[in-house]
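The values are calculated or read from the model by the stated rules, or taken from the named source; none is laboratory data. Here the structure is a predicted model, which means the values were calculated and not measured. Neighbour counts run over all protein chains shown; Cβ positions are idealised from the backbone, glycine included. Just so you know, the surface numbers come from the protein's heavy atoms only, side chains and all, with ligands and any DNA or RNA stripped out. Shrake-Rupley method; radii C 1.70, N 1.55, O 1.52, S 1.80 Å.
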Amino acid sequence: MQLFYNSDIKSGDKTFTFDKEESKHIIKVLRKQEGHKIHITNGLGFLFISEISLGLEKKCEVKIIEEQFFEPTSFYTHIAVAPTKMNDRLEWFLEKATEIGIHEITPIICEHSERKVYKIDRAEKIIQSAVKQSNQYYLPKINEAITLSAFIKKNHEGQKFIAHCEETDKKSFSKEIEKDQTVTILIGPEGDFSTKEIKLALENNFTPVTLGNTRLRTETAALVACHTIVLKNE
């Protein structure tokens, strides 16, 4: 099944018209014609099975023939991760985490961050593309970048963790997480969190954890955390 994403389509719609860019892609590139089926999601759990009623390069219109709703997962994964120096490494994480089943991502700016500014425009497109590729009906949320201290002080529901590399007492992340929970985990930059940042997290009830016996790159650690949560909830 080939899945299309569009945030404008909503429950109860009888017809839908794609914009010029998407219409051209559907008709000219994919060579879809009138009468062909189109599957669309709005990223909110809905699948709209539709049929092309008007197949023009500048205007592709479909009629909705069936609407389905898929319940959200019983757990919620929120990973706050420091942007990497090379953009493509974080983009790799965004794509793979979306395929695996992440719910929310927040870029955090830390004392040792290699990148102090992060714009989410391209990230949103990567996430949308991964949703379509993996046939999912919920679009993960990506937030604007925020300082680590500001993020820590926000009210986060559920379990809260910080993964760091300091030689201090830490628990196993895979053993600490519980099923059917909201889980928020902090993943630091290549230079790790500073001692001050770790102290602040602990003061705000974040549990220090390890993701394994090897030292992981930022994007690898974030993906391992995401996958561990998904496996725990299978």
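With the simple spin-label model, which puts each label point 7 Å out from Cα in the Cβ direction, the Ile100 to Asn87 separation comes to 2.4 nm. For the range 152-197, just say rounded, prolate or oblate: build the C-alpha gyration tensor, square-root its eigenvalues into a ≥ b ≥ c, call rounded for a/c under 1.5, and beyond that prolate if a/b exceeds b/c, oblate if not. Oblate shape, in that a/c is at least 1.5 and b/c is the bigger or equal ratio.
When the surface is traced with a 1.4 Å probe over the full set of protein chains, Asp8 keeps roughly 110 Å² accessible. Computed extension length for Val29-Thr195: 54.5 nm, one decimal, from 0.36 nm per residue of separation with the Cα-Cα distance subtracted.
Could you tell me the convex hull volume per residue, in Å³, taken over the Cα atoms of the range 16-98?
124 Å³
Counting only protein heavy atoms and a probe of 1.4 Å, the accessible surface of the chain is 46% carbon and sulfur. In whole angstrom, how far apart do the alpha carbon centroids of the range 116-134 and the range 143-170 sit? A separation of 22 Å, based on Cα centres.
Translational diffusion of the range 109-217, estimated by Stokes-Einstein from the Kirkwood radius over alpha carbon pairs at 10 °C in a medium of 1.306 mPa s, is 102 µm² per second. Pairwise inverse Cα distances across the chain, averaged and inverted, put the Kirkwood hydrodynamic radius at 19.2 Å. Here the simple spin-label model places points 7 Å from the Cα toward Cβ, and for Arg122 and Lys58 these points are separated by 3.3 nm. Given springs between every Cα pair under 10 Å in a Gaussian network model of the chain, which of Gln68, Gln159, Gln128 has the largest fluctuation? Comparing Gln68, Gln159, Gln128 in a Gaussian network model of the chain, the most mobile one is Gln68. Using Cβ point charges alone (K and R +1, D and E -1), the dipole size of the range 102-196 about the Cα centre works out to roughly 320 debye. The distance between label points at Asp169 and Lys37 comes to 5.8 nm (points 7 Å beyond Cα on the Cα→Cβ vector).
For the residue pairs Lys28/Lys85; Lys32/Lys132; Lys10/Lys59; Lys125/Lys196; Lys10/Lys58, the C-alpha atoms sit more than 29 angstrom apart in Lys28/Lys85; Lys125/Lys196.
Mean separation of Cα pairs under 8 Å and 6 or more residues apart, divided by the residue count, gives the range 81-234 a relative contact order of 31 percent.
In the context of the full set of protein chains, the chain has a per residue accessible area of 53 Å² (1.4 Å probe). For the set Leu30, Leu186, solvent exposure ranked by accessible area (probe 1.4 Å, protein chains only) runs largest to smallest as Leu30, Leu186.
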